[in-house]
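Every number here is computed from the coordinates shown, using simple stated rules; none is lab data. Nothing here was measured: the structure is a model prediction, and the numbers come from that model. All Cβ positions, even for glycine, are placed from backbone atoms using ideal geometry, and neighbour counts span all protein chains on display.
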Amino acid sequence: MSAEKPARRRDSARSKELLVRAAGELLAERGFERTTVRDIGERAGVDQALIARYFGSKAQLFIAVLRAEKGDDAPLDLFDTERVRELFERIEQRGPGPIFQAAVQRPRDPAIESTAREELRVRMVAPLKEIFAGQGLDRAQLRAEVATAAFIGVLMGRSAGAFAELAAADPQELLPLVQRLLSQ
């Protein structure tokens with residue numbers, strides 16, 4: 001009588017979750033182009049072939065990361081000090097996520113580009129546009145885009161270490177400066 005190995009239980013939901021988490025971490029560290037499916041699979045501790053099986057492609061996994069990052073969060077109001085502080089802390093821990101990266105570097109995949117831009121619009125630009133329009137300011141859309149670009153520039157410059165004092169500054173010190181800059 002031969003002893004059969006018990007069938008290995010597959011947990012597709014858990015594998016998907018691990019892949020999305022690993023991809024999000026690697027995309028924040030390296031960006032889309034420098035992140036390979038092999039690296040994602042290794043980081044997740046699952047076979048890289050599962051990316052194609054569950055998501056179709058690395059590009060579709062990237063889109064899943066964007067949607068997962070959104071979660072149940074309300075859109076970001078750059079004048080909400082607590083939300084901005086949380087964002088600074090998250091970026092310090094994980095680096096700038098795919099949405100911020102897509103704002104400064106055009107992805108090669110059109111689906112990724114359109115999804116990232118839409119997420120950026122929904123999460124940051126639209127709430128600011130509403131605030132500016134509610135204040136009766138002219139060109140609310142333009143103002144919202146400029147404020148978003150300035151904020152992302154601060155985050156990316158800080159993360160990259162391009163500006164020594166900005167990178168070394170405590171977020172508590174930066175928040176009022178950034179908010180004052182955006183409100184002008």
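How many nm separate the modelled label positions at residue 105 and residue 81, each set 7 Å beyond the Cα in the direction of the Cβ? With each label placed 7 Å out from Cα toward Cβ, I get 3.4 nm. 3J(HN,Hα) along the stretch 98-108: x, 5, 5, 5, 5, 6, 10, 9, 6, x, 6 Hz, from the Karplus curve 6.51 cos²θ - 1.76 cosθ + 1.60 with θ = phi - 60°, whole Hz, x for Gly and Pro. Stretching the chain fully between residue 11 and residue 175 yields a gain of 54.8 nm (0.36 nm per residue, less the alpha carbon separation). The longest part of the chain holding none of the exposed loop trypsin sites (Lys or Arg not before Pro), meaning those outside H, G, I, E and B in DSSP with at most 12 other Cβ atoms within 10 Å, is 35-107. Spin-label model, residue 126/residue 160: points 7 Å from Cα along the beta carbon direction are separated by 2.9 nm. Simple point charges give the picture: +1 on the Cβ of Lys and Arg, -1 on the Cβ of Asp and Glu, and for the chain a dipole about the Cα centre of about 740 debye. Note that the chain carries a Kirkwood radius of 18.0 Å, evaluated over its alpha carbons pair by pair.
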